[in-house]
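The values are calculated or read from the model by the stated rules, or taken from the named source; none is laboratory data. From a predicted model like this one, the values you see are computed outputs, not experimental measurements. Quick reminder, even Gly has a Cβ in these numbers, built from the backbone with ideal geometry, and neighbours come from all protein chains shown.
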Amino acid sequence: MKKFSFILLLLVVGTQGFAQKGKKNHLTILGVGVVDKPSIEWVSYLTDSAVVGLNIQTVSCLVHSRLPLTKIELRINGITSDVYQSGDFSSEIAPNTYAQKIERTVTLRTGYNTILVKAENVKGIVQESVRKVVVDPNQIATLRNKDDKTPPMIYVSNLANSRNDVLQVFEGVVKLTGTVFDESGVQQLTINNINTPLKENGSFVINLPLNMGETPITIEAKDVNQNYASQKFIIERKNADGTDYKVEDARNFLIVIGINDYQSWPQLYNAVSDVKGVNTVLTSEYLFEPENVTLLLDGEATRSNIYEALRTHIEKITPQDNLLIYYSGHGYFDKLLSEGYWVPVDGAKNDVSSYIPNAQILKIIENINSQHTFLVADACFSGSLFASSSRGYAEQVERYKSRWGLASGRLEEVSDGNAGSTNSPFTQSFIEFLKTNPEQKVAVSDLVQFVKKRVSEANQQTPVGNPLKGVGDEGGEFVFYKRQ
């Protein structure tokens, strides 16, 4: 049997607001579409023209269609502000029924503005709808509502990686990001008494210089009805050389996912035995404790369970801990969107919405504040997934944070092994290295080089292993310690 491999291409479209747990943050499945040609129903700006007092506005509308939607475009004053493509849309929610809610916070200029929504379905049928909005600051007084006692909501993205409202960093400048929400409109945002502008989606970004030690942070927001909200926390800057990392305090977490018995995809022979073998060698011969292992096999490896297993480790893992993720199963590559996916046990044929996109996996890894994270996929990633690197196998590599990946191939089919065999060639080499390694501790780069050489020499596939791009690698390496 063969497992399809894929290239990962990160595709970021538009800007996104605050993401609620388990929901896409810019699309909501709603209503019923009843016509062949897409129809656009405005939720904001019910009339063709409107006069408002604030530059920051929420644009909201429903797009209905009897046929699947392929593209929805939002233009502000003739400039494209956001584009939703086919991969963003829901699958069919009723016979011949598709509907999407498009909602986006935008910044309008003072004076005259045009807001255009353009929808297209699979037959290329297009529908457009326009609203004319005038921003008049003199209208702000009319917006003030004495009955509004609800302060703005402040969300700081960085705090997802904090412990007890203390965020640890190692750099001299921290990029603080977040979002502020208020139904009436946000009038002012300050961070440590610095006036901070909001972007189109209500988000903010500010670079704050830090001294060594603790820096108190105070974020204050005020809405147009003079309701205030504040959030306080501490950013602690530690030594950049990682001397605060203590090996003896580190916990090694392991997530292993193996799927043979797919509901809709071809069955695999050795994926389950692959991850069982990896789990056994790590917990018996290396410092991985069974209580820190999450094992998802066959029917347990649903899309929901895999996502939740990954996501819960954002809160579980501390900066002293390490994480190894090992996936063995089918992969899918969408050439139209240049996007790669893991296929869970309940993944349906020809329905990418039932798969797990690589961009989502890397987003979770980016938000796991571990010392080291090592992602291994026996379904392929491309060289574009990895950052270029040339570093030695020094004794001190574990003191620096790392985010590494190892994949069984590029954009090619990779072997699952034959029926009756125990492991795929890739996993067999992975386990062989861990079992035969004579050293008390070994860096991940040694493992990667061994697997790449062994697999490529004996099979028609080329494993890829390097640091992962854009998810927090700082030049370190995961180090495996053998039990005494």
Worksheet item: Condition test on LYS118, is it at pLDDT 85 or above and not polar (S, T, N, Q)?
Response: yes
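Yes or no, residue by residue, for (1) farther than 27 Å from ALA443 by Cα; (2) within 17 Å of the chain's Cα centre (by Cα); (3) touching a residue at least 40 places away in the same chain (Cβ under 8 Å):
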| position | (1), (2), (3) |
| --- | --- |
| ASN322 | no, no, yes |
| ILE325 | no, yes, yes |
| ASP334 | yes, no, yes |
| VAL343 | yes, yes, yes |
| VAL352 | yes, yes, yes |
| TYR355 | yes, yes, yes |
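Please enumerate the residues belonging to segment 214-228 that are of a type outside the set (D, E, K, R) and either in a loop (DSSP other than H, G, I, E, B) or out of contact with any Asp or Glu (no Cβ under 7 Å at 6 or more places or on another chain) (or both). I'd like the intermediate steps shown before the answer.
Initially, segment 214-228 is screened for residues of a type outside the set (D, E, K, R), giving 215-219, 221, 224-228.
Answer for segment 214-228, where residues must be of a type outside the set (D, E, K, R) and either in a loop (DSSP other than H, G, I, E, B) or out of contact with any Asp or Glu (no Cβ under 7 Å at 6 or more places or on another chain) (or both): THR215, PRO216, ILE217, THR218, ILE219, ALA221, VAL224, ASN225, GLN226, ASN227.
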Worksheet item: Conditions: (1) aliphatic (A, V, I, L, M); (2) at pLDDT 85 or above; (3) under 23 Å from PRO197 (Cβ atoms); (4) in the same structural domain as LEU69 (by TED's automatic domain parsing). VAL126 meets all but one. Number of the miss?
Response: (3)
Fill in: Members of segment 258-301 that are closer than 24 Å to VAL442 by Cβ, crowded, with 22+ Cβ neighbours inside 10 Å and β-branched (Val, Ile, Thr)
VAL275, VAL278
Practice prompt. Within segment 49-69, count every residue that is of a type outside the set (A, V, I, L, M, F, W, C) and out of contact with any Lys or Arg (no Cβ under 9 Å at 6 or more places or on another chain).
Written response: 4
Worksheet item: Here are some residues: LEU268, LEU295, LEU282. Which one is within 19 Å of GLN484 (Cβ to Cβ) and either part of a strand (DSSP E or B) or hydrophobic (A, V, I, L, M, F, W, C) (or both)?
Response: LEU282
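Select from segment 61-110 the residues that are of a type in the set (Gly, Ala, Ser) and at pLDDT below 85 and list them in ascending order.
Initially, segment 61-110 is screened for residues of a type in the set (Gly, Ala, Ser), giving 65, 78, 81, 86-87, 90-91, 94, 99.
Of everything in segment 61-110, those that are of a type in the set (Gly, Ala, Ser) and at pLDDT below 85 turn out to be SER65, SER81, SER86, GLY87, SER90, SER91, ALA94, ALA99.
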Discussion item. Among the residues of segment 446-480, what is the count of those that are among the small types (Gly, Ala, Ser) and over 25 Å from the mean Cα position of the chain (by Cα)?
Written reply: 2
